[in-house]
There are 6 protein chains.
Amino acid sequence: MKNLLYKLTRPEIEEYLRNSDVVLFPVGSTEQHGKHMAIDNDAFTALEISKRVAEKTGVLVAPVMPFGYSIHHMKFAGSITLKFETLVAVYKEVCESLIHHGFKKIVIMNGHGGNINAVNQALREVRSEQGVIVYNVMVFPMEDGFGSDSLKVCKQESGGHACEMETSVGLALGQRIIIGNAEKWTPPKLMTEFDKKYSTKVATARDFHEITEIGSLGDPTIASIEKGEEMVNAVVREISEFVEDLKKI
Amino acid sequence: MKNLLYKLTRPEIEEYLRNSDVVLFPVGSTEQHGKHMAIDNDAFTALEISKRVAEKTGVLVAPVMPFGYSIHHMKFAGSITLKFETLVAVYKEVCESLIHHGFKKIVIMNGHGGNINAVNQALREVRSEQGVIVYNVMVFPMEDGFGSDSLKVCKQESGGHACEMETSVGLALGQRIIIGNAEKWTPPKLMTEFDKKYSTKVATARDFHEITEIGSLGDPTIASIEKGEEMVNAVVREISEFVEDLKKI
Amino acid sequence: MKNLLYKLTRPEIEEYLRNSDVVLFPVGSTEQHGKHMAIDNDAFTALEISKRVAEKTGVLVAPVMPFGYSIHHMKFAGSITLKFETLVAVYKEVCESLIHHGFKKIVIMNGHGGNINAVNQALREVRSEQGVIVYNVMVFPMEDGFGSDSLKVCKQESGGHACEMETSVGLALGQRIIIGNAEKWTPPKLMTEFDKKYSTKVATARDFHEITEIGSLGDPTIASIEKGEEMVNAVVREISEFVEDLKKI
Amino acid sequence: MKNLLYKLTRPEIEEYLRNSDVVLFPVGSTEQHGKHMAIDNDAFTALEISKRVAEKTGVLVAPVMPFGYSIHHMKFAGSITLKFETLVAVYKEVCESLIHHGFKKIVIMNGHGGNINAVNQALREVRSEQGVIVYNVMVFPMEDGFGSDSLKVCKQESGGHACEMETSVGLALGQRIIIGNAEKWTPPKLMTEFDKKYSTKVATARDFHEITEIGSLGDPTIASIEKGEEMVNAVVREISEFVEDLKKI
Amino acid sequence: MKNLLYKLTRPEIEEYLRNSDVVLFPVGSTEQHGKHMAIDNDAFTALEISKRVAEKTGVLVAPVMPFGYSIHHMKFAGSITLKFETLVAVYKEVCESLIHHGFKKIVIMNGHGGNINAVNQALREVRSEQGVIVYNVMVFPMEDGFGSDSLKVCKQESGGHACEMETSVGLALGQRIIIGNAEKWTPPKLMTEFDKKYSTKVATARDFHEITEIGSLGDPTIASIEKGEEMVNAVVREISEFVEDLKKI
Amino acid sequence: MKNLLYKLTRPEIEEYLRNSDVVLFPVGSTEQHGKHMAIDNDAFTALEISKRVAEKTGVLVAPVMPFGYSIHHMKFAGSITLKFETLVAVYKEVCESLIHHGFKKIVIMNGHGGNINAVNQALREVRSEQGVIVYNVMVFPMEDGFGSDSLKVCKQESGGHACEMETSVGLALGQRIIIGNAEKWTPPKLMTEFDKKYSTKVATARDFHEITEIGSLGDPTIASIEKGEEMVNAVVREISEFVEDLKKI
């Protein structure tokens, strides 16, 4: 517990701040993850990866923000969404509070793709108004992010949802998964030829139920704990290296 | 885990909604609690009491909102505060999301006095805009709330902060407490005769460091796990009775 | 008129500010008060008590803000409500203007329970942003407020609306009251056993017409001018003492 | 008092609404008026003219909104200003409340030039959102408004502030005026040749202290109660005719 | 192109700022202009007049803001409107950006009557927050504005829309006009006797289709390029004189 | 001009709407583009590509929004930025106006990377509130967007600013470019080893002057009109194909 900011007493925090100014702020979402994963998966993953990075690097972890921007998942039961501007405000105000107490190096550990714009907007405004640079890190392995090499353990070639990669990571982190319910995605009836032709070239506000009837994308049936552990190890190792470098600047 | 909304899969939530429309939404804060209690105490307590009520009544618990309105604690390290309007928006939008999926009886389980106005404002607006009544319950025993009779185990006569009552409850719930650091409150130097004379009759924006130098109020040194268990049992029993009655209307 | 800020000329205000920095800012509401009282009662009372305190203490009274937060009264004809955030903004901006001219000790004289949260939010923000402490005083006698002892002249044991206490105060202050229309409250049909059981322990957004069919609570038929005068005298005397103390700090 | 909405009881308002849907809503400001007039003059005039129109036409008068948009007067002691958006919100929400109860013909009786834009913006939004047309009337005689002919009693040729016209009207309405302090305007030192050359052709955010050192414009020393009565009579007569016509449509 | 800020490179702008701090910011609207004029007429005119003034005076022209406040034209196809507060924000933020780089004398060149309140509100706030005076100039000849004398070439006596004056100016500036489609206004069926009687004395939120069935006011059939040139010359000459004076202060 | 919505008269727009519901809405920015390109380049390109697509497909082009989100360029003279929420509001309200008149297929033609989040947020909200899908297209060739194959004419391997690709496109479109001032980027002094190591993996609010001293990225000295024409042709052809497909659904 010594790495969890929120499980410390005030004097312990004061002591930490005399020697360090780094803190990890995990942010996730509460949103349906297909038929087999618990709906807190993005928040859970953000917190679990943050804990592992904190343990390796000795920095503190702030409480996880469990609600995110999930408006496109609202047709699926259990999804909770905040408005974009509300979420930006929450991120900003938590950062401002942390900065107020002397945390000058804040790393937002994000577990949900739908939050990226809100996180980026928040850190843009925090920098303009407070003069403090906040860092935005994805806790899942990403092609152009941390842990990219470890993605080779997966057959999937691009991002998904409750997919082979995400399910494997969940298995490795001890997430609640009913693996027998996992299903491979097939194109839904709502998806037209037009949608398929332009899905990558034209951005639009696609609702998630239009691209998957089962609530997940990709093939979670080929997920495994071994794949997950390799990816978790890679992500934790690389983010920890980043945090070590951050401590030095 | 079967009572935690966020640890369920979507099909499990759909199943629950076919039979019930009750959900508990715990809200707390991350704010200093004197020299001896972890700063997540209000969020922790909201979640722990909610879990116990859920277990007795079979209803679900939404993720806890860990950040609250703690602007008066900002001189003390570790406290995090949102703006009032941001917090109202979070409460409203989580309720709106839950209502959207069919949860028509939402009980906000609040662990932080500073949130009360924001919760009340949120549920006022939810009712006006959605036509749904949301309930606002304090998870600590209160004179005019649930568990009031159990307060007789404490010597303290009115509300405090990280006090005999709150510390006892924390001990009973397994909170991280460094009891050896607990200190009895004595009036701080910043407090004038004027402040004391009108402290109850005139409301004003008093900062917490003006009324306590140690960050706590009351006497946590006389807290005990036995007192805590009696209060926790009373609160859980009475809120559970309320939830059972709520299920019937 | 010499105590009414708004009936002075600019040079007279400049003169006052050379010697004092205290001002009373009465705030009320325009909301139905049963079958027998004029709907401006909360604004009227705030202004009348303010005038009496000002006369005893020599301080100034700002214009009364006649509109408040009365959303729960909107089913009853004549009630006017502002949004919560609008009302907070009005209170803040009036305070900011007064502070701008040198009034550093502002006492908000509130005549409406529904405004309390908005007043408290405003003075919280004024303190954070301007560094000025604003005081929030109820102009009616309250159990834990000014004039509490005088409440013993009433038979009613807790708060009401257009009740014995409020009607008596109105009679003493010269309010327009059609006393023959006053009616004693009886429980309305809309109120369930559930509502009654949890009315004090669980906060919720109850609309006023759900708890009274006649628009008032309590028993105004036993109101009297003598009771009112005793309460008015007590409140004015005690608030005046507070203002005298405030002048000295 | 029978024409004052706010001095009626709820049953009286219900009775009125069975036969009429017209209401006058006076809006003013609290802002310095030179060395000789009380600072509530715009609110006072709005209310007084409204009362006289109501008496002639039998319609009701809502409470006067005493605070307006007076940001350009803030260098002069006693002036109170709301933000533009706050003022628009107040006007809108009062109109929405009145419409909610069945007042479908609302006449905003405005006593302050600085409010005109805010009133117009409010009534634009009320119409778009509620489908109700709200009318915006100036209570002072204006070249292109009501009472224009009566302006011939004054020597001044265009608008002023606490001027011959406004002071005369105040005298006729019983305003508190220290006529011996009235002073004729002379160009202030802050006013440049550039300012004078373009004062009418180019709009800009001129502060009031830049165009008058004494806080008033024009020549109040030639004001008289006779001039005031002629103007008040004209304005009241013409607005009353408008209200009579409004009742018929 | 040397007078168009937006066609310069950064080093050219830096060079300009070493010698001058004046910039013209044209603002217009995209709104129907009857049967004969292109809908960009207000934006087009603002830009064209600005270019001519810039050429005469050597100052720079910022990009034209093409969208304005045209809510009253929305029943007519092609009209685009922003919300009032959005438009104020755009004007403010463009001014703030220009001020940030050293433009201290900003002239808003407005081509649309519906924008006037938003421009004035923006420059009021810019002055309060930035301490910089922004100037608001109409680019059409106005009775009390620039080019007033040239209005004598027109038969129309007051403002119109896509009228003799506006159409003539458009012809002179090379606007796209299908003159054969121009029609003289006749009172529409929606206009009542009440509307006509009080159209000038009472402000209200009149929609444009209620006062014209053809979308224009006045008589564009008597417009001519000669009239337009005389008015354009007058306006450009007089605004240029203003800009020259502005450069000197 | 027949493809420019803003150069049409209202009857022409009504005629178009009887047969089509497609419109292109170009959005850009006004922001420094190194030492050699005009600062309107993103707005200019958005409009020019839109015109060419419109000519090929027969659809209409709305006015270009010249201001965007360029907060990271504010250290460089001439850059103008709106706030994020203001820009989202402008995009939304223009779309809402277009939808109001019957344009149900809106393609936002974006010329500025910094606008992407704001465009996406706007179209997300438009879909939620209006039920209309808006499309977001980049007008420059992009790896994963339209014209991707044509990028092979450039040596540069990833995105830049006023770079080989953007300068070539500008040359082909007739933009004002002082090609002799073009300079190849070299790493600036402000860029640390830490910055370089994590520039792709960690998102943060980097200001543009920290990554380039000259205001451009990449090597514009090897730009050519031939390269530009090939890219412009590819982008126009592929977006036109998209628009043709869009017309059919």
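Scanning the range F:195-249 for residues that are under 30 Å from A:V139 (Cα atoms) and touching an Asp or Glu at 6+ places or on another chain (Cβ under 6 Å) returns a single hit, F:T200. Scanning the range A:96-142 for residues being more than 10 Å from chain F (Cβ to nearest Cβ) and within 24 Å of A:R237 (Cβ to Cβ) gives a total of 11. The residue of the range B:122-141 that is surrounded by the fewest Cβ atoms within 10 Å (Cβ to Cβ), among those that are out of contact with any strand residue (DSSP E or B) (no Cβ under 6 Å at 6 or more places or on another chain) and assigned to a loop (DSSP other than H, G, I, E, B), is B:G131. Just name the residue that is nearest to E:V132 (Cα to Cα) out of those in the range E:3-28 that are facing chain F (nearest Cβ under 10 Å) and assigned to a loop (DSSP other than H, G, I, E, B). My answer is E:G28.
If you check E:A77 against the conditions, is it at the interface with chain F (Cβ under 9 Å from one of its Cβ atoms), surrounded by fewer than 24 Cβ atoms within 10 Å (Cβ to Cβ) and either touching a residue at least 40 places away in the same chain (Cβ under 8 Å) or in contact with a Leu (Cβ under 6 Å, 6 or more places away or on another chain) (or both)? Spelling it out, E:A77 is indeed at the interface with chain F (Cβ under 9 Å from one of its Cβ atoms), surrounded by fewer than 24 Cβ atoms within 10 Å (Cβ to Cβ) and either touching a residue at least 40 places away in the same chain (Cβ under 8 Å) or in contact with a Leu (Cβ under 6 Å, 6 or more places away or on another chain) (or both).
Just a yes or no: is a residue in the range B:186-197 in contact with a strand residue (DSSP E or B) (Cβ under 8 Å, 6 or more places away or on another chain) and either under 30 Å from C:Y198 (Cβ atoms) or open to solvent by 50 Å² or more (accessible area, probe 1.4 Å) (or both)? For the range B:186-197, residues in contact with a strand residue (DSSP E or B) (Cβ under 8 Å, 6 or more places away or on another chain) and either under 30 Å from C:Y198 (Cβ atoms) or open to solvent by 50 Å² or more (accessible area, probe 1.4 Å) (or both): absent. For the residues E:E85, E:E93, E:E55, the requirement of being of a type outside the set (A, V, I, L, M, F, W, C), surrounded by fewer than 23 Cβ atoms within 10 Å (Cβ to Cβ), out of contact with any helix residue (DSSP H, G or I) (no Cβ under 7 Å at 6 or more places or on another chain) and at pLDDT 95 or above singles out E:E55.
B:D40 satisfies every condition listed in (1) at pLDDT 95 or above; (2) out of contact with any Pro (no Cβ under 9 Å at 6 or more places or on another chain); (3) open to solvent by 10 Å² or more (accessible area, probe 1.4 Å) except (2).
List pairs: first in the range C:210-222 and farther than 18 Å from C:N41 by Cα and away from every other protein chain (no Cβ under 12 Å), second open to solvent by 10 Å² or more (accessible area, probe 1.4 Å) and part of a helix (DSSP H, G or I), Cβ under 9 Å, 6+ apart or cross-chain? Going by the 9 Å Cβ cut-off, the qualifying pairs are C:I211/C:D195. Return a yes/no flag: does the range F:13-33 have any residue that is free of Cβ contacts under 8 Å to residues at least 40 places away in the same chain and in contact with a Ser or Thr (Cβ under 9 Å, 6 or more places away or on another chain). Within the range F:13-33, none of the residues are free of Cβ contacts under 8 Å to residues at least 40 places away in the same chain and in contact with a Ser or Thr (Cβ under 9 Å, 6 or more places away or on another chain). Flag: D:V22 does not match the condition of being surrounded by 23 or more Cβ atoms within 10 Å (Cβ to Cβ) and either touching a helix residue (DSSP H, G or I) at 6+ places or on another chain (Cβ under 7 Å) or on the phi > 0 side of the Ramachandran plot (or both). Among the residues making up the range C:80-95, those that are under 25 Å from D:F44 (Cβ atoms), more than 7 Å from chain D (Cβ to nearest Cβ) and under 16 Å from the mean Cα position of the chain (by Cα) are C:L87, C:Y91.
Restricting the range E:100-111 to residues that are in a loop (DSSP other than H, G, I, E, B) and open to solvent by 10 Å² or more (accessible area, probe 1.4 Å) leaves a set whose member that is nearest to D:I71 (Cα to Cα) is E:K104. Put simply, of B:L246, B:L190 the only residue that is part of a loop (DSSP other than H, G, I, E, B) and within 13 Å of chain C (Cβ to nearest Cβ) is B:L190.
Results for (1) within 22 Å of A:G58 (Cα to Cα); (2) among the hydroxyl-bearing types (S, T, Y), shown as yes or no for each residue.
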| position | (1), (2) |
| --- | --- |
| A:S79 | no, yes |
| A:V90 | no, no |
| A:F103 | yes, no |
| A:G111 | yes, no |
| A:E125 | no, no |
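Note on the range A:205-224: residues that are in contact with a helix residue (DSSP H, G or I) (Cβ under 7 Å, 6 or more places away or on another chain) and buried (at least 18 other Cβ atoms within 10 Å of the Cβ) total 7.
Of all the listed residues (A:K35, A:K56, A:K75), the sole one being among the basic types (K, R) and more than 30 Å from A:I214 (Cα to Cα) is A:K56. Please go through the range B:62-74 and pick out each residue that is crowded, with 24+ Cβ neighbours inside 10 Å and either assigned to a strand (DSSP E or B) or more than 10 Å from chain A (Cβ to nearest Cβ) (or both). Once the filter is applied, which keeps residues that are crowded, with 24+ Cβ neighbours inside 10 Å and either assigned to a strand (DSSP E or B) or more than 10 Å from chain A (Cβ to nearest Cβ) (or both), the range B:62-74 yields B:M65, B:G68, B:Y69. Scanning the range A:225-249 for residues that are open to solvent by less than 70 Å² (accessible area, probe 1.4 Å) and among the basic types (K, R) yields a count of 1. Of a type outside the set (K, R), under 30 Å from D:K2 (Cα atoms), more than 10 Å from chain B (Cβ to nearest Cβ) and within 14 Å of the chain's Cα centre (by Cα): which single residue out of C:G174, C:G170 fits that description? Answer to the check: C:G170.
So that you can scan it fast, the table gives a plain yes or no per residue for (1) open to solvent by 10 Å² or more (accessible area, probe 1.4 Å); (2) hydroxyl-bearing (S, T, Y); (3) at pLDDT below 95; (4) in a helix (DSSP H, G or I):
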site: B:L98; (1), (2), (3), (4): no, no, no, yes
site: B:N117; (1), (2), (3), (4): yes, no, no, yes
site: B:N120; (1), (2), (3), (4): yes, no, no, yes
site: B:E143; (1), (2), (3), (4): yes, no, yes, no
site: B:L151; (1), (2), (3), (4): yes, no, no, yes
site: B:E157; (1), (2), (3), (4): yes, no, yes, no
site: B:E166; (1), (2), (3), (4): yes, no, no, yes
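Step by step: first the residues of the range C:170-185, then only those that are assigned to a helix (DSSP H, G or I) and farther than 18 Å from C:G215 by Cα, then the one that is most open to solvent (accessible area, probe 1.4 Å). Which residue is that? Per the stated criteria, the residue is C:L171.
The values are calculated or read from the model by the stated rules, or taken from the named source; none is laboratory data. Only a predicted model underlies this, so the values are computations on that prediction, with no experimental measurement involved. So basically every Cβ, Gly included, is an ideal-geometry build from the backbone, and we count neighbours across all protein chains shown. Accessible surface is based on the protein model in full, side chains and every heavy atom, while ligands, DNA and RNA are left aside. Shrake-Rupley method; radii C 1.70, N 1.55, O 1.52, S 1.80 Å.
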